[in-house]
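Participant: This is the structure I want to talk about, given as structure tokens.
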Amino acid sequence: MSQFLSVFKFEVLYYARRISTYVYFGIFFGLSVLLMSAIGGAFDSVAVGFGGGGGNVAVNSPWALFGLVAALSLFGIIVTAALLGHSAQRDFETGSFPLFFTQPINKAAFLGGRFLGGLVTNAFVFLAIPLGVWFGALLPFLDAERLGPHLASSYLDPFINLVLPNMFFTGALFFGLALISRRMLPNYVGGAVLLIGYLISGQLVADMENEFVASLIDPFGGQAVTTLTKYWTVAEKNTLMIPVTGEYLYNRLLWIAVGFGIFALCYKIFSFSHIGPSLPFGKKKQTPVPDAPVRRRVTRVEIPHATRSFSGAAAVAQLSSMTQQAFRSVVRNVYFVAIVGAGLLFLGLSAPLVGELYGTSTFPVTYETLEVLEGSFSLFVLVLIAFYSGELVWEERDLKADQLYDSTPMKTWIPFVSKLIALSLTVGILLTVIMFAGLVSQAARGYFEFEIGLYIQTLFGLRWIDYILLCVIALLIHTLVNHKYMGHMLIIGLFVFTLFMGQLGMEHNLYRYGSDIGETYSDMNSFGPFLGPFFWFKAYWGSVAVLFAFVSSLFWVRGLEGGGRFRFRIAKLRMSPKLLGASALAIGLVMATGGFIFYNTNVLNEYRTSLQGEELQARYERDYKQFEGMPMPRIVAVDVEVDIYPEERDADLRGVLTMTNKTDGAIDSVHVNLSSTLDVQALDFGRSAQLVLNDEELAYRIYEFDEPFLPGDTTTLTFDLTRQVDGFGNSATLGVVSNGTFINSGLMPSLGYNANGELGNDNVRRKHGFEPRDRVAAVDDSVGLSNNYISSDADWIDFKALVSTVEDQIAIAPGYIQEEWVEDGRRYFRYEMDDPILNFYSFLSADWEVATDTWNDVDIAVYYHEGHEYNVQRMIDGVKKSLAYFSANWGEYQHQQVRILEFPRYASFAQSFPNTIPYSEAIGFIADVDPDDPDDIDYPFYVTAHEVAHQWWAHQVIGGRVQGSTVLSETMSQYSALMVMEKEYGEERMKSFLEYEMNSYLQGRSFEAKKELPLILNENQGYIHYRKGSVIMYALKDYIGEAAVNQALSDFLDETRYMGPPYPNSLMLLEHLRAATPDSLAYIIEDMFETITLYENRAVEATAEEQAEGSYLVELDLNLTKFRADSLGNESEIAINDLVDIAVFGEDEDGEETTLYLAKHWVTSGEQTIEIRVNGVPVQAGIDPRYKLVDRNKDDNVVDVTVGGEGS
Amino acid sequence: MELRIEGLSKTYPNGVRALDNVTLEVPQGMFGLLGPNGAGKSTLMRTLATLQEPDTGSAHLGDIDILTEKDRLRETLGYLPQEFGLYPKVRAVDLLDHFAILKGITNKKERKQVVDALLEQTNLTDARKRKLGGFSGGMRQRFGIAVALLGDPKLIIVDEPTAGLDPEERVRFLNLLSELGENSVVILSTHIVDDVSELCSRMAVISRGQILRKGDPAEAINDLRGKIWKKSIAKDEIDAYSDRLNVISTRLQAGSRVIHVQADNQPDDSFASVEPDLEDVYFTTMLGAGRSVDGEEAVQMVDSAS
């Protein structure tokens, strides 16, 4: 025992005396303080959101702290690999092991003492995290609103339950690796693989099926806790400690056991021997080479004289030789193979994830494949660069061959450049691996449109340059920081910092080393507007990199002087006129390219940090909110001419807005909002008016009429606006692009103060000195109801447009085409609507292929990009089925055409304008729907149906600007689409879709930033009006029948069609639904629409006894609870007297599930038993198996049936 | 070409004076730098090999200023460090070829000739296609000298080359070294006196950063002729003799103790005159300059006329 103690004490003291221990502590402490205070709102320009707590979860709540501590400790993997590895490997590194191993010490004491000493030190270092987080939370300049009570337990709890067991497991792993291999490199590789693998496998674990297994296989416990708290409400997150139960407990126990297992294994393998166990990655003693015998005589060998060269040509030869040497030592190495192998493994695992939506995949088109594979591999590449840059810089010194090299006449810049080239070539190999993996994964899915050119362009044209820039800075850091470990940490710190720089307010790409404005590839537009800026930014950063290279070669360690004083002296000596000249040139390039970029981003375009953007919004509210509600004219007609210039990315908008005074009083001034991206060439009213305010920054103008504008009067506003895009901004300007232009009526002038321009988020409002505001007016607010929620300056308008574009493109606006002609290389289209529309329209232009069809007398057209034919037929089909169902149930389709238009994937949504549906490239055109797979949701069909439904639900009836209005459009469209889907695919297939919707709703609840509301009052909350809406409406249909629901909807539509001010609200719809519901079921209206109601339904046990031949009596024990929740998620129980599905399932010969019984029963609260008679062997039984009721824990709705013996 | 070292001094950050005002003139030929471990030999060697910086002083090889014209010196430098490693998985001939390029031998044919010749001279021809990881200590040393000899260096620095070699390897190595030095300055730094006595025509003795003696080994030995006496004594008599006489060394010979004493005249009949060797020179220098195991005394430079 005393041996153990003495080894242990020695180890702890050893670390206590090393500076690096305190450096590690300091780094984690500082990082924790910084991150905590940033999340707590200490920095005005920082907007660090974390973990989706929404605005109401306190940043120091147990749940939030758990996430923060867990994330910080993840980076501790590196420290554990270093520390515990060092404890195990130190003796081999220093060569002192023969001394230790010949002492009379037993294995347990030696290994145990070392291991425990390392663990204790590691625990000390990790203690910095909860301490730092706590310290950060206590700092005075945090936003007090974001903090809850400070409980020591919320800081310590994650440390004890999460960090320490994780440390034990990883500690055992790394201790063992280093001990058995007697080298540190497996720890590097292992640490990197573990960290990256963990981060990547997070994606895999998003698959719902594997939840329990996923919770177990996550060695760091994060997934288990995520699963445990998946549906926690805001209130729960703020108060509850994470309980160590269920999957979380098993996970902890499992991985602690694994840690013990690893240690035990290594204990067994290890022995106090000179040569370690032979392993592929261990130190190998090479077979000795026999020496020639000593020559008896001294022979004189004539050494020929060789000409020597020290010129440029020699340098090239030397560079070439050094590069080959460096490249070989990186690549011909079992570790490199291991890293690449691990990378390939993750590539293989992530390849199936290419392009999934609703569980259905897209065709593995090349840009998608590249994005997924390159994205998941990029971490590997970064790690590789970080580690191998160190290994390369230190190679000669590690081998002790440095003195041989340093005394040769090779120029000092040659080793640096050769290592840079070697590292870059290595990265090139990795990129080739990605390409290969991509090709294989595409072929494996039967897709052969490889687009090799795109592979090469993206990987070697774009990404390689990015990585080479990183190689330069990595090598620079290792050169300057003459310490391998510190270098590694600094590089990783730099990478992380660059990632988060934007959130610290340093958003301009001129600061972030190596960055550019990004690029998104679209089949429609290729790299479009992104390539030019990419080139300039890379030229800029490339010049900076050249300067870095010069600095590296000045400070390159040659010889033995590593100390600062001598390195400066030597650097001065190395400074030659040539180098000075080259540096001056490089600096000149930096200034030139940087200046050009600055000119583009800040002069030709606007650059604003997020904070400045917020301040602008704040000023809008401060200066102009006083004018809210002032009477304004109403737009009644729009006649617009739009000229689109795709190549120049410019657009001109000219036209006339006709407006009427629909108020009771005279209007003497008009406030006009313009888009600040447009230049105003002319803006004139049809009556004389003076411009009294022209706020150019906010594009807000106030005009005063010379004569008052009387009620019933009409006038016009003639405008001439141009949108000119010059150069490039710090982030890309889209909208008008060379192929796939998509701009909307947001560019047009609008009248009156618009509250949408205000700051929304409560925390942000507080930061700028505002009170929190209501998102939307109350559901019956008369002012709210006087406007629709689409636009507050118009009701239903007449619309016509003349759109022009280049000759080879088609331009689209809402309306029926009246005329089309070509003039001067441009093509003109005149459109006109025959019925009034909402003041919401768009203009698109692209080089499309067109597929046409008809349904009755409605023209259907899909405008798609050549090559994207995959789902066009499906969409057309969707349109037809939708038109059929909707017009049968809710009245005629009011237009004569339906047009679907593909636009580039810069945004991924579909949107419904009058008879015009722009549809993103990304969400349906390349979907790969497997008609035979019951879990594959045909989402092109579904999205099409949803958008067509909006032609009724939004373009025939539109809600007022009040709570709940989105029910009338979004929820109704969801329901409509569900019905069409059900007709097409059958009821069975709806199950997986509804499960998806239910999960999304429940998760959305826990991310609520303000307050949750009942469906009928929701304030444009997507997770409610889409997800909960789907579930609720489907359940309603199940209860009262499809015919009844549809009739109610039809009656409502008849009542409110084209209703102008006052606009309808959701309560009106509810009345119709209530009328359609029998009295006995009246409670469901209240549950589903008017409150937030949840169940906790549990099937406890199910037993069955065979009665007669093949007939069984099933006894199902249930435990049911019902809750009403308030807006923060606080729940109170209410009594159950409800009608719910009870089901019994069997199995057919193929093992497929069959429904033996499905019917509604009246149930009450608490425990109860239900008896059911079925024909056929019961396998499972339960309550609400189709998830029609909102249930927090739906996995316990159904249980397996235990079948007893022969019955009574 | 001559190597001139003037007033070189270096003190390490922990206070250790590695070099203390070292001044030497080294002509062409073999020069031996003799001194105990920690005397500053390696520091001096590394400074001359452009790998370390002194605090003060200068060094010139011909007209090349070693401290400020490192690139020029390296063009004509051959350095065999005291400790060095090699790439274990690379073949000897390939690594030697690689270094030849680095030394500026860019012509492929010439390079091959030089490489083959050096491998032959160092008796490594048979092993040239084997991986360096399997080379014995002696083979690695010979490889190192082959690297150092690439490109006809005018300054060859060999730091403790025979430490750790078995007697056969040592003989072989010294044979090699003996061929050098006709046209270059060769500095052999060692604590093994026999190496210097066998090879060098000039030497210096260094201890604690200071040059204690410099000159011609033969003359230094000559100076001691007739002044060294030996006697076999018993173990417990050593202290008695040390008090009385200037005992410069004690060694064991076949189990009995033999002392060497420095005296102008025969101390007494029991002492026999003995032909002095370089070891005696070394010990007398170390002791005669006032060095003892404990206590520091003033340094007296012993400079034989040369």
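The values are calculated or read from the model by the stated rules, or taken from the named source; none is laboratory data. Values in this document were obtained by computation on a predicted structure and should not be read as measured data. As a convention, Cβ positions derive from the backbone with ideal geometry for all residues, glycine included, and neighbour counts pool all protein chains shown. The accessibility values were calculated without ligands, DNA or RNA, using every heavy atom of the protein model including side chains. Shrake-Rupley method; radii C 1.70, N 1.55, O 1.52, S 1.80 Å.
Participant: Being within 15 Å of B:GLN210 (Cα to Cα), within 13 Å of another protein chain (Cβ to nearest Cβ) and among the small types (Gly, Ala, Ser) is the filter here; which residues of region B:21-59 pass it?
Facilitator: B:SER42 - this is the single residue of region B:21-59 that is within 15 Å of B:GLN210 (Cα to Cα), within 13 Å of another protein chain (Cβ to nearest Cβ) and among the small types (Gly, Ala, Ser).
Participant: Please name all residue pairs, on different chains or six or more residues apart, with Cβ atoms under 7 Å, provided the first residue is in region A:138-151 and is open to solvent by 80 Å² or more (accessible area, probe 1.4 Å) and the second residue is of a type in the set (A, V, I, L, M, F, W, C) and not in a helix (DSSP H, G or I).
Facilitator: A:PHE141/A:ALA42
Participant: Testing A:ASP466 on (1) among the acidic types (Asp, Glu); (2) modelled with pLDDT of 90 or more; (3) open to solvent by 40 Å² or more (accessible area, probe 1.4 Å), one condition comes back false. Which one is that?
Facilitator: (3)
Participant: Another one. Which strands (runs of 3 or more DSSP E) does region A:1087-1204 wholly contain that include 1 or more residues that are out of contact with any Gly (no Cβ under 6 Å at 6 or more places or on another chain), free of Cβ contacts under 8 Å to residues at least 40 places away in the same chain and surrounded by fewer than 16 Cβ atoms within 10 Å (Cβ to Cβ)? Even if it seems obvious, please write down each step before you answer.
Facilitator: Details: elements: A:1093-1106, A:1111-1125, A:1131-1134, A:1137-1147, A:1153-1164, A:1166-1175, A:1180-1183.
In region A:1087-1204, A:1131-1134, A:1137-1147, A:1153-1164 are the strands (runs of 3 or more DSSP E) which contain 1 or more residues that are out of contact with any Gly (no Cβ under 6 Å at 6 or more places or on another chain), free of Cβ contacts under 8 Å to residues at least 40 places away in the same chain and surrounded by fewer than 16 Cβ atoms within 10 Å (Cβ to Cβ).
Participant: Picking from A:GLU606, A:GLU621, A:GLU561, which residue would you name as being acidic (Asp, Glu) and within 14 Å of chain B (Cβ to nearest Cβ)?
Facilitator: Exactly one of A:GLU606, A:GLU621, A:GLU561 is acidic (Asp, Glu) and within 14 Å of chain B (Cβ to nearest Cβ), namely A:GLU561.
Participant: Criterion first (without any contact (Cβ under 8 Å) to a residue 24 or more places away in the chain and either among the aliphatic types (A, V, I, L, M) or part of a helix (DSSP H, G or I) (or both)) does A:PHE550 satisfy it? Lay out the reasoning, then the answer.
Facilitator: Numbers: without any contact (Cβ under 8 Å) to a residue 24 or more places away in the chain: no; either among the aliphatic types (A, V, I, L, M) or part of a helix (DSSP H, G or I) (or both): yes.
No; evaluated as a whole, the condition is false for this residue.
Participant: B:ASN175 passes all but one of (1) surrounded by fewer than 18 Cβ atoms within 10 Å (Cβ to Cβ); (2) more than 26 Å from B:ASP194 (Cα to Cα); (3) within 7 Å of chain A (Cβ to nearest Cβ); which number fails?
Facilitator: The single condition B:ASN175 does not satisfy is (2).
Participant: With respect to B:VAL147, is the statement that it is buried (at least 20 other Cβ atoms within 10 Å of the Cβ), facing another protein chain (nearest Cβ under 7 Å) and under 25 Å from the mean Cα position of the chain (by Cα) true?
Facilitator: yes
Participant: Can you report the number of residues in region B:76-99 which are modelled with pLDDT of 90 or more and more than 7 Å from every other protein chain (Cβ to nearest Cβ)?
Facilitator: 10
Participant: Can I ask one more? Can you tell me how many residues within region B:62-108 are part of a helix (DSSP H, G or I) and under 16 Å from B:LEU155 (Cβ atoms)?
Facilitator: Going through region B:62-108 one residue at a time, the tally reaches 5.
Participant: When you scan region B:178-190, how many residues do you find that are open to solvent by 10 Å² or more (accessible area, probe 1.4 Å), touching a helix residue (DSSP H, G or I) at 6+ places or on another chain (Cβ under 9 Å) and of a type outside the set (Ser, Thr, Tyr)?
Facilitator: Residues that pass the stated criteria total 3.
Participant: Checking B:ASP159 against (1) modelled with pLDDT of 90 or more; (2) within 11 Å of chain A (Cβ to nearest Cβ); (3) open to solvent by 10 Å² or more (accessible area, probe 1.4 Å): exactly one of these is not met. Which one?
Facilitator: Status for B:ASP159: all satisfied but (3).
Quick grid of which residues meet (1) assigned to a helix (DSSP H, G or I); (2) of a type outside the set (Phe, Trp, Tyr); (3) open to solvent by less than 10 Å² (accessible area, probe 1.4 Å); (4) under 27 Å from A:SER920 (Cα atoms):
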site	(1), (2), (3), (4)
A:TYR388	yes, no, no, no
A:LEU404	yes, yes, yes, no
A:LYS411	no, yes, no, no
A:PHE416	yes, no, yes, no
A:THR426	yes, yes, yes, no
A:THR432	yes, yes, no, no
A:ALA443	yes, yes, no, yes
A:PHE448	no, no, no, yes
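Participant: Quick check on my filter: what residues within region B:118-143 are at the interface with chain A (Cβ under 7 Å from one of its Cβ atoms), touching a helix residue (DSSP H, G or I) at 6+ places or on another chain (Cβ under 7 Å) and open to solvent by 30 Å² or more (accessible area, probe 1.4 Å)?
Facilitator: Correct list: B:ARG130 only.
Participant: For residues in region A:236-275 being among the β-branched types (Val, Ile, Thr) and within 30 Å of A:PRO62 (Cα to Cα), which is surrounded by the most Cβ atoms within 10 Å (Cβ to Cβ)?
Facilitator: That would be A:ILE242.
Participant: Same structure again: Which of the residues spanning region A:104-150 are under 30 Å from A:LYS268 (Cα atoms) and among the β-branched types (Val, Ile, Thr)?
Facilitator: A:ILE105, A:VAL120, A:THR121, A:VAL125
Participant: Could I ask something else about it? Starting from region A:462-477, take each residue that is under 16 Å from A:LEU554 (Cα atoms) and list its partners that are among the basic types (Lys, Arg) and crowded, with 23+ Cβ neighbours inside 10 Å, counting only C-beta distances under 9 angstrom and pairs at least six apart or across chains.
Facilitator: A:LEU475/A:LYS419
Participant: Now, a different point. Quick check: anything in region A:656-665 touching a Ser or Thr at 6+ places or on another chain (Cβ under 7 Å) and in a loop (DSSP other than H, G, I, E, B)? Please lay out each step first, then the result.
Facilitator: The initial filter retains those residues of region A:656-665 that are touching a Ser or Thr at 6+ places or on another chain (Cβ under 7 Å), namely A:656-660.
Those left that are additionally in a loop (DSSP other than H, G, I, E, B): none.
Checked against the condition, which is being touching a Ser or Thr at 6+ places or on another chain (Cβ under 7 Å) and in a loop (DSSP other than H, G, I, E, B), region A:656-665 yields no hits at all.
Participant: Could you list, in sequence order, all residues of region B:100-112 that are free of Cβ contacts under 8 Å to residues at least 40 places away in the same chain and either within 8 Å of chain A (Cβ to nearest Cβ) or aliphatic (A, V, I, L, M) (or both)?
Facilitator: B:ILE101, B:LEU102, B:THR106, B:ASN107, B:GLU110, B:ARG111 - these are the residues of region B:100-112 that are free of Cβ contacts under 8 Å to residues at least 40 places away in the same chain and either within 8 Å of chain A (Cβ to nearest Cβ) or aliphatic (A, V, I, L, M) (or both).
Participant: Looking at region B:209-253, which of its residues are of a type in the set (Ser, Thr, Tyr) and open to solvent by less than 30 Å² (accessible area, probe 1.4 Å)?
Facilitator: Matches in region B:209-253: B:TYR241, B:SER249.
Participant: Go through region A:759-852 and tell me which strands (runs of 3 or more DSSP E), entirely inside it, have 1 or more residues that are surrounded by fewer than 20 Cβ atoms within 10 Å (Cβ to Cβ).
Facilitator: A:794-806, A:810-812, A:816-823, A:826-832
Participant: Looking at A:VAL225, A:VAL244, which one is away from every other protein chain (no Cβ under 14 Å), assigned to a loop (DSSP other than H, G, I, E, B) and at pLDDT 75 or above? I'd like the intermediate steps shown before the answer.
Facilitator: On the way: A:VAL225 fails: assigned to a loop (DSSP other than H, G, I, E, B).
Only one candidate qualifies: A:VAL244.
Participant: Right, something else. So which residues in region A:640-684 are free of Cβ contacts under 8 Å to residues at least 40 places away in the same chain and open to solvent by less than 30 Å² (accessible area, probe 1.4 Å)?
Facilitator: Correct list: A:SER669 only.
Participant: Given region A:564-633, what helices (runs of 4 or more DSSP H) lie entirely inside it while holding 3 or more residues that are surrounded by 13 or more Cβ atoms within 10 Å (Cβ to Cβ), in contact with a Leu (Cβ under 7 Å, 6 or more places away or on another chain) and at pLDDT 90 or above?
Facilitator: Numbers: elements: A:564-574, A:577-598, A:610-624.
Correct list: A:577-598, A:610-624.
Participant: Right, here's the next one. Quick one: which residue in B:VAL16, B:VAL22 is buried (at least 23 other Cβ atoms within 10 Å of the Cβ) and either of a type in the set (Asp, Glu) or more than 14 Å from the chain's Cα centre (by Cα) (or both)?
Facilitator: B:VAL22
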